[in-house]
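Q: Before anything else, here's the structure in question.
The values are calculated or read from the model by the stated rules, or taken from the named source; none is laboratory data. Bear in mind that the values here come from a model prediction, so they are computed numbers and not experimental data. Glycine also receives a Cβ, built like all others from the backbone with ideal geometry; neighbour counts cover every protein chain displayed. Keep in mind that these areas ignore ligands, DNA and RNA; they rest on the heavy atoms of the full protein, side chains included. Shrake-Rupley method; radii C 1.70, N 1.55, O 1.52, S 1.80 Å.
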Amino acid sequence: MQLSTPISQFSRVGKTTAKHLERVGVRIAKDILYYFPFRYEDFRNIVPIVNLHEGSAVTVTGKLELIANRRSFRTRRTITEALISDATGSIRVLWFNQPFLTESLRPGDELLLSGIVKADMLGPQLVSPVYEKKTRGEPTHTARIVPMYPLTGGVTQKQMRFLIKQALPMAEALSEWLPESLRRGNDLISLSRALTMVHFPSDMAEAETATKRLKFDELFTLQLQAALARRELSLRRAPKITFHEAEIKSFVKSLPFTLTKFQKVAAWEILKDIEKTLPMNRLLSGDVGSGKTVVAAMALYTAVLNDYQAVLMAPTEVLAEQHYASLTILLHGRARVGLLTRSSQRLSSGTLPSRTKVAQKRELIKIIKSGEIDIIVGTQALLEDAVNFRRLALVIVDEQHRFGVAQRSAIKTKGQGAHFLSMTATPIPRSLALLLYGDLDVSQIRELPPGRKPIITRLVDPANRGKAYQFIREQTQRGRQVFVVCPLIEDAHPESVEKKSVLSEYTKLSQDVFPDLRVRFLHGKLKTVEKEATLRDFKNRQADILVATSVIEVGIDIPNASIMMIEGAERFGLAQLHQFRGRVGRSSHQSYCLLFTEDASAAAEDRLKYFEHHNDGFALAEKDLELRGPGEVYGTEQSGLMQLRLATLADRDLIKDARAAAEKIALEIQKYPAVARHVGTEKKVLHLE
Ligand code: ADP
Ligand code: MG
């Protein structure tokens, strides 16, 4: 076996298991070494049966005397009952719904059993303990500090541990990449030891030492990549785009509103950046509806005033069309704006003469190149080889994290030599931004324009579901539209009926609850054309209710929608719920966000209550980070976060140490080929990628 051996070649891994593992990023032996436990159970305490006390976590070692299955009539479960004895006494053991145990365990077997001691009228017993047969080697699942892994599909803890044990000898083959001096300076153990100990530590101190080393790797890698990118960027040049005070003042005066304080600061920061020949690399983050577009427009307009071209790119056609429409109005008479997507080409300053789409596209591409258009709005269609610009000086990308990796690197190539701004509606607290995107500057718009009606948010008691439907009906009768968000696309299997799926809700709403209304559905597995068509129809009021997964999370603007109903709300994080809520409340109509939950734990209910009463996206993001950690909050596809498996924002000292080390090494990276190789092969996550 090698580090690159596919997981499907591991002993006892079938097709299904391989598929489940692949879903969590485990493909080869090396991946499984990096699949870390999220906690440990301490079952080191081996206790003679006579000394067992209710409530303690223990390991019992003894002989299996009896084992048999019976059916419980009341709960309809199979109960496996066993009797275990050691030199001091015997204890009853119960397992549920594992009838095969009577096949794999036989009277006379010497067993290790770990679990919590419970007691009933008949005395102490072990309920559903983890067990393994005693062998000469070290135990894996019992009588030690036992690693607990995040599970996927039907894969069990025992299987995970079994797989990891197979891969463990490979840890030795991983070459150390941190320089000796750095390891000594930061008190870090070797990589191969850390990877062994993190899975099977002999005490909690070992687990901590191992975790520290692995967290350092994550934090150091991220920050070194950022430091190197910053250094590289500082060697590049971009056009100087000078500030035209009179025109910008007149533009601001032409707006039907006054800019908020945050908009002014953000615009000022951006306009200052692009006046330099050092390329701007900035993130503009602000809640949905906070008014990022007008800030972007000021930068685009300034580029035009300097006789440069500028690009505004969005991840979907609907978003690109929205931006095109806004800019056409905002910059009317000030700039020539064009739209280029796969399915539409338009021009603010006239019409394209040809009648066929193909010919129109060719014409548009031609006049982009000739410089007859100043601002080009579009989707990834802009990345095609045929599209070339004249004097491109500024590239703005909306919701960049929704582009694929290949597209991001194409953006970088196309935008070579231009200033770069990316916009996101995901509120990213500064501390996290600094860590994830240390190579870029951040502007935040932290308040909504005045005069918005706050969205009324309610956690609805299941008993009032009927009333909620009645309310939805009233709203649709007034011409409003409704979103229904579900956590799943389809019911995964019969046991998960309580988790609402788009398809089952769609059927229920369209057939039983609102047969007279126009209900549509939307999810990520539909073809792009289908998705775009459904969204466009909904926007054009061709439907009353749209049942969707989290695909509607970002960006789309449907001002006429006034209700956001969220099923299985406990399954979403605060930041994500806030994104959903931002889909409504985009007009003068009073809007509502109704949360439903089927089985909220007390903690989940507290979280939802908190959400009911808080409206600031940044505050919610901070709270969410505190409760769940960055990977959970922003999803692992958010660049950078997939590298943070162990480290969190709470690791303040380690972040600081790693940053200091990264800055030092970046200055003389050529002296550290192993480090350079490591940060090069690690998935590139930099902002510009
Ligand atoms: P987002 O940050 O979500 O992209 P938009 O730029 O689409 O937000 O702005 C949302 C709406 O708010 C738009 O209709 C825009 O015209 C309006 N808007 C922007 N800035 C202000 C402001 N300062 N005062 C009032 N309305 C504003
Ligand atoms: Mg926007």
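Q: How about the stretch 400-454: which of its residues are basic (Lys, Arg) and more than 30 Å from Phe611 (Cα to Cα)?
A: Arg408, Lys412, Lys414
Q: Another question, then. Name every residue in the stretch 233-251 that is surrounded by 14 or more Cβ atoms within 10 Å (Cβ to Cβ), part of a loop (DSSP other than H, G, I, E, B) and β-branched (Val, Ile, Thr), in order of residue number.
A: Across the stretch 233-251, the qualifying residue is only Ile241.
Q: Also: Any idea which of (1) in a strand (DSSP E or B); (2) buried (at least 21 other Cβ atoms within 10 Å of the Cβ) is the one Val442 doesn't satisfy?
A: (2)
Q: List the pairs whose first member sits in the stretch 1-15 and is within 18 Å of Gly153 (Cβ to Cβ), whose second member is open to solvent by 100 Å² or more (accessible area, probe 1.4 Å), and whose Cβ atoms are under 9 Å apart, counting only residues at least 6 apart or on separate chains?
A: Once the first residue is within 18 Å of Gly153 (Cβ to Cβ) and sits in the stretch 1-15, its partners that are open to solvent by 100 Å² or more (accessible area, probe 1.4 Å) give Pro6/Arg27; Ile7/Arg27; Ser8/Lys15; Ser8/Arg27; Phe10/Met1.
Q: Does the stretch 127-175 hold any residues that are under 30 Å from Ala674 (Cβ atoms) and among the small types (Gly, Ala, Ser), and which are they?
A: Within the stretch 127-175, Ala167, Ala171, Ala173, Ser175 qualify.
Q: Mind checking which residues of the stretch 117-127 are at pLDDT below 90 and either assigned to a loop (DSSP other than H, G, I, E, B) or in contact with a Ser or Thr (Cβ under 7 Å, 6 or more places away or on another chain) (or both)?
A: The answer is Met121, Leu122.
Q: Could you grab me the full set of residues in the stretch 507-553 that are among the polar types (S, T, N, Q), within 19 Å of Gln322 (Cβ to Cβ) and surrounded by fewer than 18 Cβ atoms within 10 Å (Cβ to Cβ)?
A: Listed by number, the residues that qualify are Thr528, Asn540, Gln542.
Q: Which condition does Leu195 not pass, out of (1) in a helix (DSSP H, G or I); (2) open to solvent by 20 Å² or more (accessible area, probe 1.4 Å); (3) among the hydrophobic types (A, V, I, L, M, F, W, C), if it passes all the others?
A: Here Leu195 meets the rest and fails (2).
Q: A further question on this structure: Find the residue count for the stretch 300-329, including only residues that are in contact (Cβ under 8 Å) with a residue 24 or more places away in the chain, within 15 Å of ligand 1 (Cβ to nearest atom) and within 20 Å of Thr379 (Cβ to Cβ).
A: Final tally of qualifying residues: 14.
Q: Still on this structure: Of the numbered conditions (1) farther than 22 Å from Pro150 by Cα; (2) among the acidic types (Asp, Glu); (3) in contact (Cβ under 8 Å) with a residue 24 or more places away in the chain, Asp217 satisfies every one except a single condition; which is it?
A: Only one criterion in (1) farther than 22 Å from Pro150 by Cα; (2) among the acidic types (Asp, Glu); (3) in contact (Cβ under 8 Å) with a residue 24 or more places away in the chain is unmet by Asp217, namely (1).
Q: Then there is this: Report every pair of residues separated by at least 6 positions or lying on different chains whose Cβ atoms are under 6 Å apart, first residue within the stretch 571-599 and farther than 22 Å from Pro450 by Cβ, second of a type in the set (Val, Ile, Thr) and part of a helix (DSSP H, G or I).
A: Gly573/Val633; Ala575/Val633
Q: Which one of these does Thr277 not meet: (1) of a type in the set (Ser, Thr, Tyr); (2) in a helix (DSSP H, G or I); (3) out of contact with any helix residue (DSSP H, G or I) (no Cβ under 9 Å at 6 or more places or on another chain)?
A: Among (1) of a type in the set (Ser, Thr, Tyr); (2) in a helix (DSSP H, G or I); (3) out of contact with any helix residue (DSSP H, G or I) (no Cβ under 9 Å at 6 or more places or on another chain), Thr277 violates only (2).
Q: Mind checking which residues of the stretch 128-147 are farther than 15 Å from Thr196 by Cα and part of a strand (DSSP E or B)?
A: Once the filter is applied, which keeps residues that are farther than 15 Å from Thr196 by Cα and part of a strand (DSSP E or B), the stretch 128-147 yields Val130, Tyr131, Glu132, Lys133.
Q: Give just the number: which of (1) open to solvent by less than 60 Å² (accessible area, probe 1.4 Å); (2) within 16 Å of ligand 1 (Cβ to nearest atom) does Leu448 not satisfy?
A: Condition not satisfied by Leu448: (1).
Q: Further question on the same structure: Given the options Leu163, Leu182, name the one that is in a helix (DSSP H, G or I), outside the structural domain of Leu112 (by TED's automatic domain parsing) and more than 28 Å from Gln670 (Cβ to Cβ).
A: Within the list Leu163, Leu182, the selection yields Leu163.
Q: Identify, from the list Ser354, Ser290, the residue that is modelled with pLDDT under 95, within 16 Å of ligand 1 (Cβ to nearest atom) and not charged (D, E, K, R).
A: Checking each option against the conditions leaves just Ser290.
Q: Also, I was wondering about something else. How many residues does the stretch 554-578 contain that are surrounded by 24 or more Cβ atoms within 10 Å (Cβ to Cβ) and within 16 Å of ligand 2 (Cβ to nearest atom)?
A: 2
Q: Given the conditions (1) open to solvent by less than 20 Å² (accessible area, probe 1.4 Å); (2) of a type in the set (S, T, N, Q); (3) within 16 Å of ligand 1 (Cβ to nearest atom), report the number of the one that Ser254 does not fulfil.
A: Checking Ser254 against (1) open to solvent by less than 20 Å² (accessible area, probe 1.4 Å); (2) of a type in the set (S, T, N, Q); (3) within 16 Å of ligand 1 (Cβ to nearest atom), the one that fails is (1).
Q: Of the residues in the stretch 29-44, how many are open to solvent by 80 Å² or more (accessible area, probe 1.4 Å) and either of a type in the set (Phe, Trp, Tyr) or without any contact (Cβ under 8 Å) to a residue 24 or more places away in the chain (or both)?
A: 1
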